[in-house]
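The values are calculated or read from the model by the stated rules, or taken from the named source; none is laboratory data. Computed from a prediction, not measured in an experiment: that's the story for all the values here. In this analysis, Cβ positions are derived from the backbone assuming ideal geometry, glycine residues included, and neighbour counts consider all displayed protein chains.
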Amino acid sequence: MRQATGVSCANIALVKYWGNRDRALRLPANSSLSMNLASLTTTTTVEFRDDLASDVVTIDDVEAQGSARERVVAHLDRVRALASINAKACVVSHNNFPAGTGLASSASAFAALTVAACAAAGLALSTDELSRLARRGSGSACRSVPGGFVLWDACDEDDCSFGRTIAPADHWDLRDVIAIVESAHKATGSTEGHALADSSPLQAARVASTPPRLEQDALAMHAVMMTSAPPLFYWRPATLAVMRAVRAWRADGLAVAFTIDAGPNVHCLCPAESASKVETLVRARSLRSAGVERVLTSSVGGPAHLAPRR
Ligand code: PMV
């Protein structure tokens, strides 16, 4: 096969990956746990062509340049090396949600790219192997390759560092009601952020006690970010407004908790039966005037897969 299309969900980390013990291999400082998001997907087509002099990468209808393109080219090089091919590729990728805003677009992007490029190059890899390879493009992408609730176990070696499903998507009917407070591309991406993590005096303590509790780990990760040198401030005033609101709703008896990735948007996790109530509350006028622009709701998603050929 010379052309294939891969589809992958984004994922939201319940226990966060922040900081690498090996930057080049993207071996994480700590284990992390996530759930795939069925409604947030990246669809990527890869075609290897002998008539191309260089790789052409289009993301959301714009031809990628600079470091964004180089990251994709480096990943294609990994696939070419595995498949022993030299042909350059045409890559066309679409996200159905705002990319680069802390909604894990790099996770779904590199999982879809891995699945599509490997199939287009004629490689038949197992899910574990695809996950391991996706990790090299973006660490959290290894958790978008398998489906449902996924554990990425921190281990010292490349060959054991990949995501594994610990429970399928239908194990727990959770919803992620995402309060989008900013859709613009963030100024500092997570690759640079991981590299700064060790400059925070809080990182060693966070890694040593990777907190199992949802909100605590998101707050510990942002505390590391804010105390890195230079500091990273991903929150906006509306981020804090939603966090405070979620805590108040929970104090009133609603089953809901928040988490935040490397961006300002707040993920409100709740059982399916509370989702419409949470959506209504997030859309309320007080939070809209605080800066909530829109709301996206997702159930738990399945594994990355190939789209049927048309
Ligand atoms: O895979 P990266 O390099 O985009 O890092 C993801 C980092 C967080 O989203 C903030 C946390 C996580 O575990 O997904």
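General remarks:
- The residues listed here are 284, 245, 251, 218; of these, the one that is in contact with a strand residue (DSSP E or B) (Cβ under 7 Å, 6 or more places away or on another chain) and closer than 29 Å to residue 172 by Cα is 218.
- Filter pass, residue 280 being within 16 Å of the ligand (Cβ to nearest atom) and either of a type in the set (Ser, Thr, Tyr) or assigned by TED's automatic domain parsing to the domain that holds residue 12 (or both): no
- Residue check for residue 92: outside any loop (DSSP other than H, G, I, E, B), away from the ligand (no atom under 16 Å from the Cβ), surrounded by fewer than 21 Cβ atoms within 10 Å (Cβ to Cβ) and at pLDDT 95 or above: yes
- Residue satisfying all of: in the stretch 222-236; within 13 Å of the ligand (Cβ to nearest atom) and in contact (Cβ under 8 Å) with a residue 40 or more places away in the chain; farthest from residue 105 (Cα to Cα) among these: 224
- Residue 210 being in contact with a strand residue (DSSP E or B) (Cβ under 8 Å, 6 or more places away or on another chain), closer than 30 Å to residue 127 by Cα and within 13 Å of the ligand (Cβ to nearest atom): yes
- Residue among 197, 184 that alone is part of a helix (DSSP H, G or I) and touching a residue at least 40 places away in the same chain (Cβ under 8 Å): 197
- Just one residue in the set 24, 4 is surrounded by fewer than 24 Cβ atoms within 10 Å (Cβ to Cβ), out of contact with any strand residue (DSSP E or B) (no Cβ under 7 Å at 6 or more places or on another chain) and either more than 29 Å from residue 179 (Cα to Cα) or not aromatic (Phe, Trp, Tyr) (or both); that residue is 24.
- Matching residues, the stretch 174-200, being within 23 Å of residue 23 (Cβ to Cβ), more than 12 Å from the ligand (Cβ to nearest atom) and surrounded by fewer than 16 Cβ atoms within 10 Å (Cβ to Cβ): 185, 187, 199
- Here 125, 113 are screened, and the one residue that is at pLDDT 95 or above, in a loop (DSSP other than H, G, I, E, B) and either under 13 Å from residue 75 (Cβ atoms) or away from the ligand (no atom under 16 Å from the Cβ) (or both) is 125.
- Residue match in the stretch 201-219 (condition: surrounded by 22 or more Cβ atoms within 10 Å (Cβ to Cβ), in contact with a Pro (Cβ under 8 Å, 6 or more places away or on another chain) and assigned by TED's automatic domain parsing to the domain that holds residue 287): yes
- So residue 219, is it in contact (Cβ under 8 Å) with a residue 60 or more places away in the chain, within 13 Å of the ligand (Cβ to nearest atom) and not β-branched (Val, Ile, Thr): no
- Subset of the stretch 63-77 (residues that are among the aliphatic types (A, V, I, L, M) and at pLDDT below 95): 68
- Selection of the stretch 71-103 for residues being out of contact with any Ser or Thr (no Cβ under 9 Å at 6 or more places or on another chain) and hydroxyl-bearing (Ser, Thr, Tyr) yields only 84.
- Residue pairs whose Cβ atoms lie under 9 Å apart, sitting 6 or more positions apart in sequence or on different chains, and linking a residue in the stretch 140-155 that is modelled with pLDDT under 95 to a partner that is charged (D, E, K, R), are 153/164; 154/21.
- Meets criteria (within 26 Å of residue 170 (Cβ to Cβ), under 21 Å from the mean Cα position of the chain (by Cα) and either surrounded by fewer than 18 Cβ atoms within 10 Å (Cβ to Cβ) or without any contact (Cβ under 8 Å) to a residue 12 or more places away in the chain (or both)) for residue 272: no
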